[in-house]
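Colleague: Following this message is one structure expressed as structure tokens.
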Ligand code: T1G
């Protein structure tokens with residue numbers, strides 16, 4: 001059946017697009033639109049045309065799955081030109097989200113109507129692209145340069161009322177039925193004999209050319225390292241400086257540059273990966289899930305309070321338990337002040353804040369959790385304390401309640417062994433601040449039941465997180481890969497680099513900050529405590545780096561003490577400190593390390609290849625099921641630049657043969673301890689494959 005059908009409603013020709021799930025502009029849709037248009041234009045009984053869609057949304061864009069395949073005619077630009085050139089009025093009847101090519105089709109129509117709940121947007125920039133079917137030339141002519149720049153560069157959609165204010169839609173319907181509203185609007189157009197307006201026929205948009213430079217400056221920080229936002233600005237500039245026919249050529253040039261860029265491939269990989277992570281290989285899609293209508297949190301500290309907010313934000317009543325009244329009061333006060341800050345920023349109303357606070361019940365008794373559907377423990381990171389808590393929860397909680405631990409490093413299986421219901425125990429590793437960071441590492445224990453996994457994965461999305469299923473090991477996926485990066489960074493400093501050089505290399509690569517600025521932000525004492533706790537079991541033959549410990553022993557713990565690796569005069573901007581440089585030089589001397597100049601390339605390779613090698617081992621051990629899971633962990637948990645796709649996608653783009661050669665190079669220099677390549681990596685190189693082929 002054609003993806004587009006033509007129905008005659010009196011003198012109106014109704015095109016109904018039906019290409020689930022989002023009516024993407026696949027080849028079938030493009031062909032169907034073209035065929036229906038030809039037929040409708042030849043039928044004298046048809047006086048006007050309405051383009052509407054079945055299902056949940058108007059066309060949501062080009063079919064991203066077709067990118068990279070040879071384009072098949074009719075091309076979207078041809079279809080759009082035909083629609084705009086039509087000699088009969090064409091009306092787009094929009095519901096759901098008219099996005100990307102979908103909005104570009106609507107812009108080629110002569111009129112646009114939207115139902116009240118509809119949204120319109122050009123999110124191509126999020127895929128490393130720009131609107132490549134006339135959107136950068138038509139939207140400025142319809143809504144002006146400022147609105148066009150804002151929409152195209154941010155990729156954020158506008159709700160129908162705002163789109164109406166901006167002149168993008170001609171009318172917002174009374175009701176939510178796009179077909180009925182579209183036909184009624186079309187009949188009005190015919191009866192009023194309204195003039196057809198073709199946006200491509202309008203002249204370049206008069207504007208102050210300084211607008212573009214100002215806009216570039218305004219996004220410079222947020223768009224650092226990205227290509228597409230700046231190409232978007234160039235394309236909109238063409239709409240202001242060139243006649244349409246030349247502007248559309250410029251748009252095409254810029255679009256093709258982006259389409260062929262590694263950044264676009266990376267961002268499209270992330271688009272699909274962040275959806276794929278919710279699908280656990282081997283877990284049947286119809287695995288039953290348990291009802292989660294109430295929750296309990298043990299611990300009202302930073303993590304516990306943040307986790308409680310996640311549930312309140314999702315409208316789930318949550319009881320938060322502390323041992324002492326003052327700690328409980330502090331926890332509730334912190335939650336309240338977090339919400340108040342959001343209200344001050346205008347992102348939450350006062351009543352919404354009170355409504356959410358009303359969903360959070362403080363308590364001093366774990367017994368108050370006897371009827372909740374899930375409990376998340378967020379107490380001090382010590383195994384004996386956690387086992388004691390789980391032993392008590394086992395006694396208190398109802399049958400079928402899920403018992404989750406927020407541990408960031410401890411063995412979930414051992415925690416589960418403190419209960420008689422290990423099948424109901426799982427790890428839910430939130431990242432601090434829990435009410436902000438989107439990543440949630442869901443840790444599956446050896447005996448965790450399938451329905452518990454399915455429930456926690458579904459719950460992740462409900463509480464606004466990107467849940468990734470990981471296995472039990474030290475550090476799971478994220479922190480396990482962070483460790484070798486931190487190790488190499490510390491080694492590089494004692495060999496000759498300075499912290500600011502290492503940080504700059506990773507900052508320029510695209511991380512929000514380098515490892516040492518990040519350590520200062522988190523608190524140097526965090527790593528110090530972990531290292532000290534492991535000292536007893538450390539292999540004395542393994543190289544270790546202790547210069548950071550020396551900084552902690554000077555009571556320089558990072559931002560929170562105004563100094564750590566760096567100094568912080570304003571409390572947040574890292575300033576290299578000559579005193580620390582002296583400490584490092586003296587440390588190198590003390591350990592007999594002759595300092596040398598180290599290239600940025602060596603810094604980047606040793607930090608990233610050490611991570612990638614660890615990621616390969618994580619895949620070998622089944623701690624992560626797919627390389628895309630690792631990519632999403634690092635993008636959402638550690639700010640890995642989305643335009644590089646994540647550590648494993650990046651490795652595939654570099655070429656695993658190059659990565660392996662790099663690891664072998666450092667193995668020859670530093671030995672097998674830290675540079676033995678993963679057998680999986682060696683196998684993939686031998687087979688000429690990438691991690692994405694797994
Ligand atoms: N192409 C192909 N598949 C798509 C798709 C698309 N454009 N959009 C969504 N899907 C799939 C998605 O992978 C998932 O599949 C299912 O649909 C449901 O999506 C020329 C070049 C529309 C707001 O960037 O923002 O037009 O996992 O889980 O939460 O200028 O999907 O079920 O197999 O996200 O309700 C521009 C991207 C393209 C829109 C719905 N358009 N999509 O959100 O469902 S480039 C976009 C979205 C372009 C032109 C350029 C969202 C949504 P599966 P979902 P949702």
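Colleague: Since residue 275 meets every condition but one in (1) under 30 Å from residue 630 (Cβ atoms); (2) touching a helix residue (DSSP H, G or I) at 6+ places or on another chain (Cβ under 6 Å); (3) within 16 Å of the ligand (Cβ to nearest atom), which condition does it not meet?
Modeller: So the condition that residue 275 fails would be (2).
Colleague: If residue 270 satisfies all but one of (1) surrounded by 15 or more Cβ atoms within 10 Å (Cβ to Cβ); (2) assigned by TED's automatic domain parsing to the domain that holds residue 89; (3) within 16 Å of the ligand (Cβ to nearest atom), what's the number of the condition it fails?
Modeller: Every condition holds for residue 270 apart from (2).
Colleague: Is it the case that the stretch 153-168 has a residue that's closer than 19 Å to residue 246 by Cβ, assigned by TED's automatic domain parsing to the domain that holds residue 34 and more than 16 Å from the ligand (Cβ to nearest atom)?
Modeller: no
Colleague: Within the stretch 392-426, track down each residue that is touching a helix residue (DSSP H, G or I) at 6+ places or on another chain (Cβ under 6 Å) and closer than 9 Å to residue 445 by Cβ.
Modeller: Correct list: 415, 416, 422, 425, 426.
Colleague: Here is a follow-up. Would you tally the residues in the stretch 198-230 being assigned to a helix (DSSP H, G or I) and in contact with a helix residue (DSSP H, G or I) (Cβ under 8 Å, 6 or more places away or on another chain)? Spell out how you get there, then give the answer.
Modeller: To start, the set of residues in the stretch 198-230 that are assigned to a helix (DSSP H, G or I) comprises 199-201, 210-219, 228-230.
Retained after the next criterion (residues that are in contact with a helix residue (DSSP H, G or I) (Cβ under 8 Å, 6 or more places away or on another chain)): 199-201, 211-212, 215-216, 219, 228-230.
Residues flagged as assigned to a helix (DSSP H, G or I) and in contact with a helix residue (DSSP H, G or I) (Cβ under 8 Å, 6 or more places away or on another chain) within the stretch 198-230 amount to 11.
Colleague: Now, a different point. Can we say residue 96 is surrounded by 24 or more Cβ atoms within 10 Å (Cβ to Cβ) and at positive phi? Full working, then the answer.
Modeller: Values: surrounded by 24 or more Cβ atoms within 10 Å (Cβ to Cβ): no; at positive phi: yes.
No.
Colleague: Of the residues 137, 150, only one is more than 7 Å from the ligand (Cβ to nearest atom) and either modelled with pLDDT under 95 or in contact with a helix residue (DSSP H, G or I) (Cβ under 7 Å, 6 or more places away or on another chain) (or both); which? Can you show your working first?
Modeller: Details: 150 fails: either modelled with pLDDT under 95 or in contact with a helix residue (DSSP H, G or I) (Cβ under 7 Å, 6 or more places away or on another chain) (or both).
137 is the lone residue from the list that is more than 7 Å from the ligand (Cβ to nearest atom) and either modelled with pLDDT under 95 or in contact with a helix residue (DSSP H, G or I) (Cβ under 7 Å, 6 or more places away or on another chain) (or both).
Colleague: Would you mind finding the one in 332, 307, 297, 316 that is touching a strand residue (DSSP E or B) at 6+ places or on another chain (Cβ under 7 Å), part of a loop (DSSP other than H, G, I, E, B), away from the ligand (no atom under 16 Å from the Cβ) and on the phi < 0 side of the Ramachandran plot? I'd like the intermediate steps shown before the answer.
Modeller: Numbers: 332 fails: part of a loop (DSSP other than H, G, I, E, B); 307 fails: part of a loop (DSSP other than H, G, I, E, B); 297 fails: part of a loop (DSSP other than H, G, I, E, B).
Matching residue, one of 332, 307, 297, 316: 316.
Colleague: A further question follows. May I ask you to verify whether residue 105 is within 16 Å of the ligand (Cβ to nearest atom), assigned by TED's automatic domain parsing to the domain that holds residue 60, assigned to a strand (DSSP E or B) and crowded, with 24+ Cβ neighbours inside 10 Å?
Modeller: The answer is no for residue 105.
Colleague: Can you name the residue in the stretch 113-128 that is more than 26 Å from residue 259 (Cα to Cα) and crowded, with 24+ Cβ neighbours inside 10 Å and, of all such residues, is farthest from the ligand (Cβ to nearest atom)?
Modeller: Among those that are more than 26 Å from residue 259 (Cα to Cα) and crowded, with 24+ Cβ neighbours inside 10 Å, it is 113.
Colleague: Check off (1) closer than 17 Å to residue 494 by Cβ; (2) out of contact with any helix residue (DSSP H, G or I) (no Cβ under 7 Å at 6 or more places or on another chain); (3) surrounded by 16 or more Cβ atoms within 10 Å (Cβ to Cβ) for residue 548 and give me the number that stays unchecked.
Modeller: With (1) closer than 17 Å to residue 494 by Cβ; (2) out of contact with any helix residue (DSSP H, G or I) (no Cβ under 7 Å at 6 or more places or on another chain); (3) surrounded by 16 or more Cβ atoms within 10 Å (Cβ to Cβ) applied to residue 548, the lone miss is (2).
Colleague: If a residue has to be in contact with a helix residue (DSSP H, G or I) (Cβ under 8 Å, 6 or more places away or on another chain) and assigned to a helix (DSSP H, G or I) to count, how many in the stretch 153-172 make the cut?
Modeller: Of the residues in that region, 2 qualify.
Colleague: Same structure, new question: Just one of 220, 240, 228 is farther than 28 Å from residue 512 by Cα and either touching a residue at least 24 places away in the same chain (Cβ under 8 Å) or assigned by TED's automatic domain parsing to the domain that holds residue 153 (or both); which is it?
Modeller: Details: 220 fails: farther than 28 Å from residue 512 by Cα; 228 fails: farther than 28 Å from residue 512 by Cα.
Result: 240 is the single residue among 220, 240, 228 that is farther than 28 Å from residue 512 by Cα and either touching a residue at least 24 places away in the same chain (Cβ under 8 Å) or assigned by TED's automatic domain parsing to the domain that holds residue 153 (or both).
Colleague: In the stretch 52-70, which residues are under 19 Å from residue 108 (Cβ atoms) and within 16 Å of the ligand (Cβ to nearest atom)?
Modeller: If the condition is that a residue be under 19 Å from residue 108 (Cβ atoms) and within 16 Å of the ligand (Cβ to nearest atom), then 53, 57, 58, 59, 60, 61, 62, 63 are the ones that fit.
Colleague: Shifting gears a bit: When the residues of the stretch 231-246 are filtered to those that are more than 15 Å from residue 155 (Cα to Cα) and in contact with a helix residue (DSSP H, G or I) (Cβ under 7 Å, 6 or more places away or on another chain), which remaining residue is surrounded by the most Cβ atoms within 10 Å (Cβ to Cβ)?
Modeller: Only one residue tops the list, namely 239.
Colleague: Hey, another quick one. Quick one: count up the residues across the stretch 653-694 that are surrounded by fewer than 23 Cβ atoms within 10 Å (Cβ to Cβ), under 15 Å from residue 273 (Cα atoms) and touching a residue at least 40 places away in the same chain (Cβ under 8 Å).
Modeller: Of the residues in the stretch 653-694, 2 are surrounded by fewer than 23 Cβ atoms within 10 Å (Cβ to Cβ), under 15 Å from residue 273 (Cα atoms) and touching a residue at least 40 places away in the same chain (Cβ under 8 Å).
Colleague: Of everything in the stretch 81-101, what is near the ligand (Cβ under 9 Å from one of its atoms), closer than 23 Å to residue 251 by Cα and either at pLDDT below 95 or not in a loop (DSSP other than H, G, I, E, B) (or both)? Give them in sequence order.
Modeller: Scanning the stretch 81-101 gives 99, 101.
Colleague: Moving on to the next point. Yes or no: residue 290 more than 16 Å from the ligand (Cβ to nearest atom) and not in a helix (DSSP H, G or I)?
Modeller: Numbers: more than 16 Å from the ligand (Cβ to nearest atom): yes; not in a helix (DSSP H, G or I): yes.
For residue 290, the condition - more than 16 Å from the ligand (Cβ to nearest atom) and not in a helix (DSSP H, G or I) - is met.
Colleague: Here is a further query. Which of the numbered conditions does residue 315 fail, given that it passes all the others? Conditions: (1) outside the structural domain of residue 402 (by TED's automatic domain parsing); (2) in contact with a helix residue (DSSP H, G or I) (Cβ under 9 Å, 6 or more places away or on another chain); (3) surrounded by fewer than 17 Cβ atoms within 10 Å (Cβ to Cβ).
Modeller: The number of the failed condition is (1).
Colleague: Something else now. Say we look at the stretch 14-38 and pick out the residues that are under 22 Å from residue 191 (Cα atoms) and without any contact (Cβ under 8 Å) to a residue 60 or more places away in the chain; which of these is nearest to the chain's Cα centre (by Cα)? Lay out the reasoning, then the answer.
Modeller: As a first pass, look at the stretch 14-38 and keep what is under 22 Å from residue 191 (Cα atoms): 14-15, 37.
Now drop any that are not without any contact (Cβ under 8 Å) to a residue 60 or more places away in the chain, which leaves 15, 37.
On the way: 15: 35, 37: 39 Å.
For the stretch 14-38, the residue satisfying everything is 15.
Colleague: Next up: Does residue 538 satisfy the criteria of being within 32 Å of the chain's Cα centre (by Cα), over 25 Å from residue 223 (Cα atoms) and free of Cβ contacts under 8 Å to residues at least 40 places away in the same chain?
Modeller: no
Colleague: How many residues does the stretch 318-344 contain that are surrounded by fewer than 19 Cβ atoms within 10 Å (Cβ to Cβ) and closer than 23 Å to residue 461 by Cα?
Modeller: 2
Colleague: Answer yes or no as to whether residue 381 is out of contact with any strand residue (DSSP E or B) (no Cβ under 9 Å at 6 or more places or on another chain), surrounded by 16 or more Cβ atoms within 10 Å (Cβ to Cβ) and outside any helix (DSSP H, G or I).
Modeller: yes
Colleague: On to the next question. Look at residue 323 and say whether it is over 23 Å from the mean Cα position of the chain (by Cα) and over 17 Å from residue 431 (Cα atoms). Break it down into steps so the answer makes sense when it comes.
Modeller: Numbers: over 23 Å from the mean Cα position of the chain (by Cα): yes; over 17 Å from residue 431 (Cα atoms): yes.
Criteria met by residue 323.
Colleague: Are any residues in the stretch 480-504 surrounded by fewer than 19 Cβ atoms within 10 Å (Cβ to Cβ) and either in the same structural domain as residue 443 (by TED's automatic domain parsing) or not in a helix (DSSP H, G or I) (or both), and if so, which ones?
Modeller: Passing the criteria: only 496.
Colleague: Checking residue 258 against (1) more than 10 Å from the ligand (Cβ to nearest atom); (2) modelled with pLDDT of 95 or more; (3) in contact with a helix residue (DSSP H, G or I) (Cβ under 9 Å, 6 or more places away or on another chain): exactly one of these is not met. Which one?
Modeller: (1)
The values are calculated or read from the model by the stated rules, or taken from the named source; none is laboratory data. Since we're looking at a predicted model, the values are computed, not measured. Reconstructed Cβ throughout: ideal geometry from the backbone, glycine too, with neighbour counts over all protein chains shown.
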